[in-house]
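Colleague: Please read through the structure below; I'll follow up with questions.
The values are calculated or read from the model by the stated rules, or taken from the named source; none is laboratory data. Keep in mind it's a predicted model, so treat the numbers as computed, not measured. Glycine also receives a Cβ, built like all others from the backbone with ideal geometry; neighbour counts cover every protein chain displayed. These area figures cover heavy atoms from the full protein model, side chains too; ligands, DNA and RNA do not enter into them. Shrake-Rupley method; radii C 1.70, N 1.55, O 1.52, S 1.80 Å.
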Amino acid sequence: MATSSRRPAGRPSDTTTHIFIVGLPRTGSTLTRGILNASPEIWVAGESHFFSAPTRLGLVRRPGYAERFRRIGDIGTDSGLALVLDHIYALRGKSFWARLAAESDRDSVERDLRGSARTDRELLDLAMMRFARGRRIRGEKTPHHVHHVPTLLEWFPGARIIQTFRDPRAVYTSLRRKERPEKLTGVGRAGRRLGPVFDTYSIFNLARSWRSMARLHDAYARRFPDHYTLVRFEDLVTSPEPTARRLSEFVGVPYADAMLEQVVHNSSFMGKGSGDGIDPTAIDRWREHLSPIARSIFARLCGNELEAFGYRR
């Protein structure tokens, strides 16, 4: 199994227009976004959830916003466009689309869409462009869009895809620590009452997803060598400057020391925004929280991939 996180990314063959950060949650996507957004040429926005996401061992698909919008109206027609914009501008909260409505004048958004090809691609691109506020390279960072990389590169041939990657045992520990009971669905709350049974299910689900990420990495590295790269969370926090320089070269912008001036916004072990700087101790914190049984299951399910990506069993 190839591990391109260890090799130079190479110089892109053409000018970067977009950046998409993908992968499993809790793998360093927010830190990667912060490093890139320190460049005056880049703005990677938050999570658009534009495409569908697989869930529950891959058996149930969650529709993305593109599909939800199509159910509301066809933006290729004036009436459909009005209905979709009505829906977007009625959204509240901090989601990608609610923030677009809060920060962008509706009339100008409608005018820009009317003057475009009025497809899903144009809608997503317009949203990213609005968030970028004139920066040359725009993008977003929805983790599950890792399953839609071919579509993203078809839509945006000048895009660069960055998959963030991390030891699955650390991912599992981080996900469990970040869990908020008040945000669980009824099914989720019922599952957690099963105790060890649900824990075992969760480990199997995470291991399956992580192995899928490893397979997608191999496929994308072969198919899109100049437009795709992988960055390990462990490299981000233990070798931040070389990793930031590699990312800068990959997307075609100058490296700047400001890229390393990061604040930890979303740690599983600290309060929000409480950590200054990049913390290399983050890579091993899972060892204090993962049970021997969970370690054994991960070793059995992910052993070959753990070794291939440089993780100790």
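Colleague: How many angstrom lie between the Cα centre of segment 106-136 and the Cα centre of segment 19-96?
Modeller: 14 Å
Colleague: With r as the distance between the Cβ atoms of Ala258 and Thr15 and R0 = 25 Å, compute the FRET efficiency 1/(1 + (r/R0)^6) and round to 0.05.
Modeller: The value I calculate is 0.65.
Colleague: A further question on this structure: For Arg62, which sequence-distant residues (separation of 5 or more, or a different chain) have an amide H within less than 5 Å of its own amide H, given hydrogens modelled in the peptide plane?
Modeller: Ala53, Thr55
Colleague: At a probe size of 1.4 Å, how large is the accessible area of Leu175, to the nearest 10 Å²?
Modeller: Result for Leu175: roughly 60 Å² accessible.
Colleague: Roughly speaking, what is the stretch gain from Leu83 to Arg177, that is 0.36 nm per residue apart minus the C-alpha to C-alpha distance, in nm to one decimal?
Modeller: Roughly 29.9 nm would be gained on extension.
Colleague: Further question on the same structure: Starting from 0.36 nm per residue, how many nanometres of slack lie between Thr151 and Arg287 once their C-alpha separation is accounted for?
Modeller: Residue separation times 0.36 nm, minus the Cα-Cα distance, leaves 45.2 nm.
Colleague: May I pose another question? Provide the gained length on full extension for the span Glu110 to Leu126, in nm with one decimal, where the gain is 0.36 nm per separating residue minus the Cα-Cα distance.
Modeller: The Glu110-Leu126 span can extend by a further 4.7 nm.
Colleague: May I pose another question? Order the peptides 66-73, 136-143 from the highest to the lowest mean number of other Cβ atoms within 10 Å of their residues. Write down the numbers at each step before the final one.
Modeller: Details: 66-73: 15.4, 136-143: 22.5.
Those peptides, ordered most packed to least, come out 136-143, 66-73.
Colleague: Set the Förster radius R0 to 30 Å, insert the Cβ-Cβ distance between Arg215 and Arg70 as r into 1/(1 + (r/R0)^6), and round the FRET efficiency to 0.05. Before the final figure, lay out each step's value.
Modeller: Numbers: r = 30 Å, r/R0 = 0.99.
For Arg215 and Arg70, the calculated efficiency is 0.50.
Colleague: Using a 10 Å cut-off on Cβ atoms, rank the peptides 240-247, 155-162, 20-27 from the highest mean neighbour count down.
Modeller: 20-27, 155-162, 240-247
Colleague: Give the shape of segment 75-186 as rounded, prolate or oblate, defined through the alpha-carbon gyration tensor: a ≥ b ≥ c are the square roots of its eigenvalues, a/c under 1.5 means rounded, and otherwise the shape is prolate if a/b is larger than b/c and oblate if not.
Modeller: On the way: a/c = 2.30, a/b = 1.47, b/c = 1.56.
Oblate.
Colleague: Please calculate the 1.4 Å probe accessible area of His144, with all protein chains present, and give it to the nearest 10 Å².
Modeller: Here the residue's solvent-accessible area equals roughly 30 Å².
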